[in-house]
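For reference, the structure is listed below as structure tokens.
The values are calculated or read from the model by the stated rules, or taken from the named source; none is laboratory data. Computed from a predicted structure; not experimentally measured. When we count neighbours, we look across all protein chains shown, and the Cβ atoms used for this are built from the backbone with ideal geometry, even at glycine. Remember, those area values only see protein heavy atoms, side chains included, never the ligands or the DNA or RNA. Shrake-Rupley method; radii C 1.70, N 1.55, O 1.52, S 1.80 Å.
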Amino acid sequence: MNSKIQTLADSIGKVIVGKDDTVIRLIAALLCEGHVLLEDVPGVGKTQMITALSRSIGGKFNRIQLTPDVMPSDIAGFTMLDGKSGEFIYRDGAVMCNFLLADEINRASPKVQSALLEAMEERQISLDGETHKLPQPFLVMATQNPVETYGTFHLPEAQMDRFFMKLSMGYPVPEEEMKILDRTEYHNPILNITEPAMHVDDIIAMQEEVRNVRVTEQVKRYIVDLVGSTRDDRNATLGISPRGSIALYKAAKAFAYIYEREYVTPDDVKTAAVSVLAHRIILSPQGKSEFGTGENYIKHIVENAPVPAM
């Protein structure tokens, strides 16, 4: 593994126990300038993970608890009249940070969801004729509870498609939970990170290095064929758009970089496929009957697709 990535993962591991795969995928999304939707039950460490990431990099961290009464101005900020100067000045919203935890995004109104997702896509805020660029790097980790639906607003498929990855942490195994009990006995484990493992400029430099990872024509065709197979399949009502192809292409490059390769292999594509593609699929009634979830459907697609020779 790349030594810089290992250092960052080890720093996060001072707080998060036993979720190494999820941590690496979160870092991969960051390297691709992508945002993450974390769907999981309360109490498994979603807030701790994004806080640990921000403390490990030394970036600015904001958290916003999304409820039906949150306004778009809470996300994007607002302009107000300065009584002294007589001029309108901009006041930052929650997105003016490096790492934003948007907790329970499906409890926010559609107008607020749209304001957040617009900022994620454009990486800037346009307000009263002025443009305010967001800091770099910029990562949103939005969460939603897959069980409780009372008082929530469904996140439309077009907005789900804007998330680079969808991840789940899951419950810890008993041995991991024993370690969690030990770590939380005397203080919050986040205090274990006493200083950043790297600076935000290091992340920006690594993002540029990821772009330079090579991808052969055979692997590009493999990505296109994987995605294209979802578009004319009776198991899927909605196939994956070109945005999904682009995301899978970027994620495969990130995994190649993480594991110190200058080129992408089909295994990198396979590693990224479920996290990047599953949330972009709408299964047909037949598909739901046969596969149950988008994750199982994408696994089936990957397992049965011809793999190019390298």
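Do you know which of the residues in the range 140-151 that are closer than 16 Å to GLN113 by Cα and under 21 Å from the mean Cα position of the chain (by Cα) is modelled with the lowest pLDDT?
ASN145
Taking the condition surrounded by 13 or more Cβ atoms within 10 Å (Cβ to Cβ), assigned to a loop (DSSP other than H, G, I, E, B) and not charged (D, E, K, R), does MET169 pass? Give the derivation first.
Details: surrounded by 13 or more Cβ atoms within 10 Å (Cβ to Cβ): yes; assigned to a loop (DSSP other than H, G, I, E, B): yes; not charged (D, E, K, R): yes.
Yes; evaluated as a whole, the condition is true for this residue.
Mind listing whichever residues of the range 25-55 are in contact (Cβ under 8 Å) with a residue 12 or more places away in the chain, open to solvent by 10 Å² or more (accessible area, probe 1.4 Å) and part of a loop (DSSP other than H, G, I, E, B)?
Of the range 25-55, the ones in contact (Cβ under 8 Å) with a residue 12 or more places away in the chain are 25-42, 44-55.
Next, from what is left, pick out any that are open to solvent by 10 Å² or more (accessible area, probe 1.4 Å): 25, 32-33, 39-42, 44-48, 51, 55.
If the condition is that a residue be in contact (Cβ under 8 Å) with a residue 12 or more places away in the chain, open to solvent by 10 Å² or more (accessible area, probe 1.4 Å) and part of a loop (DSSP other than H, G, I, E, B), then CYS32, GLU33, ASP40, VAL41, PRO42, VAL44, GLY45 are the ones that fit.
Inspect the range 17-24 for any residue being within 28 Å of ILE204 (Cβ to Cβ), hydroxyl-bearing (Ser, Thr, Tyr) and surrounded by fewer than 21 Cβ atoms within 10 Å (Cβ to Cβ) and give the result as yes or no.
The first filter runs over the range 17-24 and keeps only residues within 28 Å of ILE204 (Cβ to Cβ), leaving 19-24.
This time we only want the ones that are hydroxyl-bearing (Ser, Thr, Tyr), so: 22.
The next check asks that each one be surrounded by fewer than 21 Cβ atoms within 10 Å (Cβ to Cβ); those that pass are none.
No, the conditions are met nowhere in the range 17-24.
Which residues, taken from the range 196-229, are assigned to a helix (DSSP H, G or I) and under 16 Å from PRO137 (Cα atoms)?
Going residue by residue through the range 196-229, those that are assigned to a helix (DSSP H, G or I) are 200-211, 217-228.
Passing the criteria: VAL200, ASP201, ASP202, ILE203, ILE204, ALA205, MET206, GLN207, GLU208, GLU209, VAL210, ARG211.
Could you please find all residues in the range 203-244 being open to solvent by 70 Å² or more (accessible area, probe 1.4 Å) and β-branched (Val, Ile, Thr)?
VAL224, THR237, listed by residue number.
Which count do you get for residues in the range 69-109 that are open to solvent by 20 Å² or more (accessible area, probe 1.4 Å) and out of contact with any Gly (no Cβ under 7 Å at 6 or more places or on another chain)?
17
How about the range 25-46: which of its residues are under 18 Å from GLU176 (Cα atoms) and either modelled with pLDDT of 95 or more or β-branched (Val, Ile, Thr) (or both)? I'd like the intermediate steps shown before the answer.
To start, the set of residues in the range 25-46 that are under 18 Å from GLU176 (Cα atoms) comprises 40-46.
Within the range 25-46, VAL41, VAL44 qualify.
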